[in-house]
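To keep things clear, I will list the structure first and then write my remarks on it.
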Amino acid sequence: MSVNTPNRTVDDFGSNEWLVEELYEQYKSDKNSVDQSWWPFFDKYEKNGNGPAAKTADAEPTAKTGAKPAAKTKAKPASQASAKSADKSDSSTADAAPDESPRGVSPSSAQTETLKAETKSVPKVVVKDTEPKPAPEETVTPLRGPAKLIAKNMDDSIEVPTATSVRALPAKALIDNRIVINSHLKRTRGGKVSFTHLIGFAVIRALQNFPSQNVSYDTRDGKPVMVSPAHINFGLAIDVPKKDGSRTLLVPNVKKAETLTFRQFVDAYDGLVDKARQGKLTADDFAGTTVSLTNPGGIGTVHSVPRLTKGQGCIVGVGALDYPAEFQGASQHTINKLAVSKVLTLTSTYDHRVIQGAGSGEFLKLIHSYLLGEDGFYDDVFESLRLPYEPVRWVPDVSAEDQDDVNKTARVIELIDAYRTRGHLMANIDPLVYRQRSHPDLDINQHGLTLWDLEREFPTGGFGAKPMMPFRSILGLLRESYCRTIGFEYMHIADPLQRRWFQAKIEVPHQELTRSEQGHILGRLNAAEAFETFLQTKYIGQKRFSLEGGESAIVLLDEVLNQSADTGIEQVAIGMAHRGRLNVLTNIAGKSYAQMFREFDGTMSPDSVQGSGDVKYHLGTEGSFTSPSG
């Protein structure tokens, strides 16, 4: 929390001003229910006359004078009133009866019987409500709290002369590159990148190269001025559910967004969303927004014209991502054949006093170009996330007439052969040095294919054990098989049967490890690393060959022996190299740590017939290996 928070004013929060009021009400009722970072702000908020005393105008008139409100008399239905009046008339008649006994004197039995007989002889009267029901009237509900402040902000926004520019763009490159990014993240560190992440980063990049949009209007010394902030504080509209089931909109901002890489921007964005969901946003998270992004497309809106609050010059709206309306009734096959892309509509609502329409149009055009991949936009995104491949390139579709379908099928078969021959040149086999790997023979554009072919189906010639596959699935399986962290080079083999054997083993979908399998592998690696660390610390100077650099051999041997045990193999002999031999003896062959440490200490087992030799790893061992699944 910044130490400057107490110096903030309500005006610094823009469209989030209602939040200050809501938190202040919580602060008054229970100070500890509000994050401590807000306390200095609310202390000054009360001292400046914004507390309860300053809001007596909202109270009832009776609260000022201290007079008690008049008691309210509840109106009775007409039927009840008629019935009661009838009862009173009956009682008055009874009071006037000459044979009624005086108060305090009991009537005689004869008088009582006479009274009962008269009462029975009177017919019972049923009073019906014949009055018409009142017509429904309008209900007036005063706006209070957040709703009241939102209405005030909307009233204030009327004073801002705004205009809006609208631009639609094809989202094909955006969609395909997001698929590549999220597939890589799923295989590596996890997480996901949303469309809003990419669009927001494109807006920030456009603001860097077109700063005339990152301005606001103000008056200084009674004169109108245009304010150009030092940084881009990028506001994000976040829809947050409340405890009572209602929803509210918060607009915190990413500070100095132009200084962040894409990965840093995603982390900052997700951090704000998490804080908003947990109710931990502070005053500084809201203050100083210069340009903001809203996403009405999440509810299917094609595009919107949002309101612009004071102190802000521009707000960008992201519409729905969908096929154009005229193609939404077409089949997917027709859409793929015609190369119809889903469309994204962007709007830029701006303060017309400091931003002109031509500039707003150029701004949206720049965002459009970035989302198509121009100026290395996706290259920078891939580099920030350390994707070892080139992004999908935006190019026009190649004509897909009937005669060209045959040519494209041949090009797909040609690409499959290229990956089998050159795929290892794009394999990501160097974990120490990052670079984007590419090869002309593996570029789909070099084979006359484009991103528009990704959804189209082609004959495979037996690849993937399927006669027909979408080109996206073909390309995905090729990269999965030949360009991940293992390189295969076997096409120089002359025997076609041997080549097909390799292809049958390599060209299969990647199988994800279960959580228990991942835990087992991690346990083997931890055991190997702990053993090496202990030897290096305890037996300094002892001659040995450590496992360093060969940790994966432990996991590989463990899996080979697991499968051997599952298939019923009774005996396995390991011809082990010097590197990592001690670790294999203990963690794979089953030699006890106690025996290993005795040998390092110079204490030999009495039944040893091999002698100690010059180094400990010359000693072998025998043991039994049981598969965890068996």
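All of the numbers you see were taken from the coordinates with simple rules; none came from a lab. Computed from a prediction, not measured in an experiment: that's the story for all the values here. Heads up, the Cβs are rebuilt from the backbone with ideal geometry, glycines too, and the neighbour counts pull from every protein chain shown.
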Task: Which of D566, D284 has the fewest Cβ neighbours within 10 Å, and the rest in rising order - done: D566, D284
- [ ] For a footprinting-style exposure proxy, rank W39, W394 by other Cβ within 10 Å, fewest first.
- [x] W39, W394
Task: Descending Cα extents along the principal axes, the stretch 160-384, whole Å - done: 64, 40, 39
Open item on the list: Quick check: net charge around N209, other residues with Cβ under 14 Å of its Cβ, Lys/Arg +1 and Asp/Glu -1?
Closed with: -3
Task: Cα gyration tensor shape for the stretch 318-445, rounded if a/c is under 1.5, else prolate or oblate - done: oblate
Task: the stretch 402-506: equivalent-ellipsoid semi-axes (sqrt of 5 x gyration tensor eigenvalues, Cα, Å) - done: 23, 18, 12
Task: From phi via Karplus (6.51, -1.76, 1.60), per-residue ³J(HN,Hα) for the stretch 309-323 in Hz, x at Gly/Pro - done: 8, 5, x, 9, x, 7, 9, 9, x, 10, x, 5, 9, 7, 5
TODO: Extending each Cα 7 Å along its Cβ direction at S624 and E362, get the distance between those two points in nm, one decimal.
DONE: 8.2 nm
TODO: Can you pull the one-decimal nm distance between simple spin-label points at D239 and I429, each 7 Å off the Cα toward Cβ?
DONE: 4.9 nm
Open item on the list: For the pairs K256/K365; K255/K310; K223/K365; K172/K192; K223/K256, flag any whose C-alpha to C-alpha distance is greater than 21 Å.
Closed with: K256/K365; K223/K365; K223/K256
Task: Sequence-distant residues sharing a close amide H with V291 (under 5 Å, placed H) - done: N233, G235
Task: Rounded to whole Hz, the Karplus (6.51, -1.76, 1.60) HN-Hα couplings of the stretch 217-227, x for glycine and proline - done: 9, 7, 10, 10, 6, x, 10, x, 9, 10, 9
TODO: Would you work out the charge dipole size for the stretch 160-384 about its Cα centre, treating the Cβ of every Lys and Arg as +1 and the Cβ of every Asp and Glu as -1, and quote it to the nearest 20 debye?
DONE: 500 debye
Open item on the list: As I understand it, the dipole of the stretch 402-506 uses +1 on the Cβ of Lys and Arg and -1 on the Cβ of Asp and Glu, about the Cα centre. Which of S473, I486, I416 lies farthest toward its positive end?
Closed with: I486
- [ ] Tell me which residues come under 5 Å, amide H to amide H, from T248 once H is placed; ignore anything under 5 positions away on its chain.
- [x] V240, K242
Open item on the list: At R0 = 22 Å, how high is the FRET efficiency between T259 and S369 if r is their beta carbon distance? Nearest 0.05 is fine.
Closed with: 0.50
TODO: Pairs of Cα atoms under 8 Å, at least six residues apart: use those to get the relative contact order of the stretch 402-506, whole percent.
DONE: 33 percent
Open item on the list: Could you derive backbone 3J(HN,Hα) for the stretch 190-199 from the dihedral phi with the Karplus parameters 6.51, -1.76 and 1.60 (θ = phi - 60°), listing whole Hz in sequence and x where the residue is Gly or Pro?
Closed with: x, x, 9, 10, 8, 4, 5, 4, 5, 5
Task: Spin-label model distance (nm) - H439 vs V560, 7 Å beyond Cα toward Cβ - done: 2.7 nm
